[in-house]
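Below: the structure, in structure tokens.
Only the coordinates and a few stated rules stand behind these numbers; no lab work does. Remember, predicted model here, so these are calculated numbers, not experimental data. Note that each Cβ is placed from the backbone with ideal geometry, even for glycine, and that neighbours are counted across all protein chains shown.
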Amino acid sequence: MLTRLTDKPKKTLSKSERTIRKEKTVSFVVLFIVTILWMLPLIYMVGTSFKSDYDLQTNPSGLFPSAGQWTLAHYKSFLSADSDAKIFYWLGNSLWSTLLHVGLTVLLDLLTAYVLVFLNFKGKEKFVKLLYLWMAVPGVIGTAPMFAIFAAIRNGLEISSDAGSYAYIFFWIVMPGVSGIFNMLLMRNFFLSIPRDIVDSARSDGASNFKIFTKIIVPLARSTIMLIVLFTFTGSWNSLNWPQLIFSGEAQKWWTVTIGLTKFTDSQAAAAATGVAMATSVFAMLPIIIVFLFTQSKMIDGLASTGIKA
Amino acid sequence: MNNLELMQREMRKSKRRKNAVGYALLAPYVLIFLFFSVIPCLMGFVFSFMQYNPIDSSKNMFVGFYNYAHLFDFTNSVSLKFWKSFATMFLFDIVMVPTLIIIPLTLAYLINLHPPGYKFYRAVIYLPSVISVSVMGIVFSKLFAGDELGFFNALFGTNIKWLSGKPFENDILRWVVIFIASVWWQTGTNFVILSGALRNVPKSLYEACEMDGGSRLQGILHVTLPNIKSSVGICLFNTLIGYLGLYGQPYVLHAVENSIDQEIVSPMMFIQYYLKNASFVNMTGYICAAAIVFGLIVMVFGTIERKVMGERKRTDKYSAAYKQSKQDVEWGLSLKGPAQDIQSVGGANNVNSIN
């Protein structure tokens with residue numbers, strides 16, 4: 001009886017299986033081509049960074065240097081102290097400010113979402129409603145006034161020392177966006193899906209809020225944390241508009257990587273400059289690529305499964 | 001009586017304490033949110049009605065709707081620049097935004113067939129999304145360099161001036177390059193979100209559709225599309241808002257003739273240009289007005305997108321039937337259908353329990 005029931009659909013399956021196999025072949029071919037196209041710019045970048053000046057002139061269409069023309073000269077040139085590119089300063093600035101920004105964002109989101117979901121107090125729902133409404137307000141409206149506030153406070157505080165200016169500028173690089181609504185609501189939505197019984201029973205066992213938060217909630221939220229880290233890390237590392245305003249007229253070694261590299265986006269540059277630009281980009285990309293290689297599988301899965309619940 | 005009163009007082013006390021704890025823990029977020037989001041926006045609103053100079057406050061005064069009138073005065077060259085940049089950006093978006101849904105959706109569909117090595121393809125297609133816009137600019141400006149040193153010109157022996165021309169006049173080739181670069185750079189995020197959505201469509205729905213004699217196309221129309229609609233809506237919204245605020249791509253792929261800071265082909269570039277230059281500092285009020293008008297337009301588009309995606313609800317009969325059968329299984333009322341169906345329901349159950 002049972003076997004007959006399972007036999008029947010098997011026959012129809014084999015037919016659809018054949019179409020599936022055909023589709024698989026098509027998808028394999030298409031994706032293979034797309035993948036090669038997608039890798040082309042990156043391969044070109046890495047290859048060009050190793051071309052000698054002569055090869056850059058004579059072999060512009062080659063993805064890799066021609067035989068005997070491999071060189072590390074461009075890497076040496078931008079790593080030397082008198083180079084235009086203050087790449088180590090830029091990487092340092094980007095790294096610490098991005099990590100601080102990500103850390104603060106995650107902490108604040110965890111704390112706020114916990115308060116909004118597991119604590120009871122007056123006005124909670126109204127606050128969430130307000131945040132949902134505010135999410136529709138484009139941030140561009142606040143850019144000009146924020147820049148004005150930035151300048152006004154700086155004048156008011158009369159910051160003159162280098163260290164003071166540096167700290168002040170990076171305060172304004174790190175802090176805006178820490179209270180991003182989208183990420184916080186993402187965390188809140190995840191917390192809402194945690195059965196309340198877990199928290200209630202822990203509470204009746206005498207666990208404090210702090211203990212519930214650190215021992216139960218945070219471990220459960222790991223995948224959402226990963227997702228927020230991904231969003232804020234790439235967002236902060238790649239942010240262009242706001243840092244551009246803040247850094248206008250500041251010393252170059254205070255820049256972040258993304259700002260610094262815009263100096264090299266010149267399609268009419270001489271051959272030698274092309275090599276240096278490519279070498280600098282490769283070097284600047286390394287940290288992100290390394291992080292990506294180790295986390296990409298988890299990252300993509302997290303984005304795929306949690307992103308849709310936002 | 002006395003006891004009850006005491007209890008009530010005690011309860012009120014604990015309630016007040018609960019409120020206090022809640023407010024205290026909420027305070028950091030609220031303070032940062034107020035200072036970096038709410039106050040700047042409110043100030044922007046006020047500034048837009050003022051002649052405002054943040055450095056020299058002696059001439060600050062309220063001017064009513066002067067800034068707005070100025071912005072809509074098309075004879076003024078600065079205001080004209082704003083609207084021209086808006087039109088350019090908008091034309092580009094009409095092409096760009098649908099492309100950034102269609103290409104990722106196609107790739108997501110293909111990746112979900114799980115051809116050999118799909119994890120590798122997935123990683124490669126997603127990779128450009130984590131690369132910074134300036135690196136993207138460096139690579140693509142060299143790939144499409146207008147002289148014989150450009151990769152594509154050298155490869156095909158052509159001499160096409162890709163990144164050249166004047167904004168609003170003859171820079172169509174440059175927009176082609178920006179388009180290609182944007183597809184390469186930003187397909188990843190939507191691709192990953194959409195492939196997750198496709199993966200989460202319960203398999204049993206397709207089987208149900210197939211059993212009803214539905215063709216493959218009908219399966220896509222009646223099962224796939226309704227089930228991934230909310231994800232498509234999210235992607236569309238993010239992409240639309242992102243590309244209305246177009247800034248980085250034209251900035252790093254600027255035309256040869258223009259210096260990098262003179263390029264104004266989108267409203268964000270307009271705002272950025274006049275903010276960054278200290279010589280325009282007494283135009284802050286005007287820029288705030290422009291930002292508010294632009295922001296309102298963005299809001300209108302966002303609302304339209306939400307309305308369109310929210311209201312066009314297709315009747316999703318398989319999903320409804322599936323929910324019913326799932327309920328039946330859960331209640332143990334009936335165990336109809338072949339054994340494998342129950343299995344797939346159980347499998348999909350895990351997916352749905354996250355919701």
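General observations
- Förster radius 51 Å - calculated FRET efficiency between A:Phe210 and A:Thr58 (Cβ-Cβ, nearest 0.05): 0.15
- Taking Cα centre as origin and charging only the Cβ of basic (Lys, Arg, +1) and acidic (Asp, Glu, -1) residues, the dipole magnitude of the stretch A:86-264 rounds to 240 debye.
- Kyte-Doolittle mean at least -0.5, axial Cα span of 24 Å or more - DSSP H helices of chain A: A:2-49, A:87-118, A:140-157, A:271-306
- Sorting B:His254, B:His114, B:His222 from the fewest to the most surrounding beta carbons within 10 angstrom yields B:His114, B:His222, B:His254.
- Cα-based shape type of chain A, given that a ≥ b ≥ c are square roots of the gyration tensor eigenvalues and the cut on a/c is 1.5: oblate
- Sites B:Leu42 and B:Ala278, calculated FRET efficiency, Cβ-Cβ separation with R0 30 Å, nearest 0.05: 0.75
- Extension gain for A:Ile43 to A:Asp200 (0.36 nm times residue separation, less C-alpha to C-alpha distance): 51.1 nm.
- Each eigenvalue of the Cα gyration tensor of the stretch B:110-163, multiplied by 5 and square-rooted, gives one semi-axis; in descending order these are 31, 15, 7 Å.
- Chain B - mean residue ellipticity at 222 nm from DSSP helices (-39,500 (n - 2.57) per run, n ≥ 4, rounded to 500): -22500 deg cm²/dmol
- Applying the Kirkwood pairwise sum to the alpha-carbon positions of chain B produces a hydrodynamic radius of 25.3 angstrom.
- In range of the label at B:Arg306: residues from the stretch A:103-126 whose backbone nitrogen is under 18 Å from the point 7 Å along Cα→Cβ: A:125-126
- Rounded Å value of the spacing that divides the Cα centres of the stretch B:177-254 and the stretch A:100-173: 32 Å
- Using Cβ point charges alone (K and R +1, D and E -1), the dipole size of the protein assembly as shown about the Cα centre works out to roughly 2600 debye.
- Along each principal axis, taking the top coordinate minus the bottom one, the Cα set of the stretch A:198-240 gives 49, 15, 11 Å in descending order.
- Computed from phi, the 3J(HN,Hα) profile of the stretch B:69-80 under the Karplus parametrisation 6.51, -1.76, 1.60 (θ = phi - 60°) reads 4, 4, 5, 8, 8, 6, 7, 6, 5, 5, 5, 4 Hz, with x in place of Gly and Pro.
- Taking a ≥ b ≥ c as the square roots of the eigenvalues of the alpha-carbon gyration tensor, the stretch A:86-264 is classed prolate because a/c is 1.5 or more and a/b outweighs b/c.
- Mean ellipticity per residue at 222 nm, deg cm²/dmol - from DSSP H runs of n ≥ 4 across chain A, formula -39500 (n - 2.57): -24000 deg cm²/dmol
- Cα gyration tensor, the protein assembly as shown - rounded (a/c under 1.5), prolate or oblate: oblate
- Segment A:Lys263-A:Ile36, length gained on full extension (0.36 nm per residue, minus Cα span): 78.9 nm
- Convex hull per residue volume in Å³, alpha carbons only, for the stretch B:1-138: 347 Å³
- Calculated on the alpha-carbon coordinates, the convex hull of the stretch B:23-97 measures out at 172 cubic angstrom per residue.
- Along the stretch B:293-302 the Karplus relation, 6.51 cos²θ - 1.76 cosθ + 1.60 evaluated at θ = phi - 60°, assigns HN-Hα couplings of 4, 4, x, 5, 4, 4, 4, 4, 5, x Hz to successive residues, with x for each Gly and Pro.
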